[in-house]
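The values are calculated or read from the model by the stated rules, or taken from the named source; none is laboratory data. Since the model is a prediction, treat every value here as computed from it, not as a measurement. With ideal geometry, Cβ positions are generated from the backbone for all residues, glycine too; neighbour counts draw on all protein chains shown.
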Amino acid sequence: MGSLGQPFSVEQTGSKITYFGYGSNMWRDQMRRRCAESKYIGVGILRGWKWIINELGAATIVLSEDIVYGLLYEISQHDMDELDKFEKRYDKVLMDIEVHKAEGDKTGKILHTTLVYIDRRETEGPPKTEYIYRMNQAIADAVKEGVPQEYIDKYLRKFIPQESPSLPN
C-alpha cells in the first residue's frame, strides 16, 4: 500500500511545483482557466492508492493496493494559490509519482515528488451533479493523453456516468 505522504511545504518545492491532478483537474481547459501559468508535463501514476468519489461528491484518493492515474502539471506559486481556492477542503501532501513524460520530452519513467491534494473523508458517495460534466471532460482529456480506458472503466465509471445530467440554468 502507499504511504500517507509528507505534509506540503513551499520550502521543499522551489519556485515551480509539480502538481498531480486526478479528478476534474485532468480537464486541461479547466486547469488552464484555474492555473494560467501551468504547463502540462504528462501522465502520472500513484501506486498504493485508489480513486473514489467521497460523501461530499468530489474525487479523492484512499490508501489501497490499487493505482491512481492523473495528469501532471508544472505550476507556479501563484497557480497553487489559485488552486487552493478550489481545493480548500483538501490536505496538501508531497508524494512520489511515477512520471510518464509528454510527447516531445524525454521518454521513460521516473519517480518525482509531487503536490497532491487529498480529502481525508473516505466514505464513498454519489458525485455532485455539476461535477459529472467536469469529470466527463477530464476523462476525455485523460484518455487522449494516455490514461488507459481500462482504468477509467474500472474506477471512474463506477461513480461517473458517461452522460452528464442536464444542469439547471
How about the range 13-42: which of its residues are surrounded by 17 or more Cβ atoms within 10 Å (Cβ to Cβ) and either under 10 Å from the mean Cα position of the chain (by Cα) or free of Cβ contacts under 8 Å to residues at least 24 places away in the same chain (or both)?
-> Y19, F20, G21, Y22, G23, S24, N25, M26, W27
So which pairs qualify, if the first residue must be in the range 48-77 and closer than 12 Å to L156 by Cα and of a type in the set (F, W, Y), the second must be modelled with pLDDT of 95 or more and surrounded by fewer than 23 Cβ atoms within 10 Å (Cβ to Cβ), the Cβ gap must be under 6 Å, and the two must be at least 6 apart or on different chains?
-> W51/Y155; Y69/I45; Y69/Y151
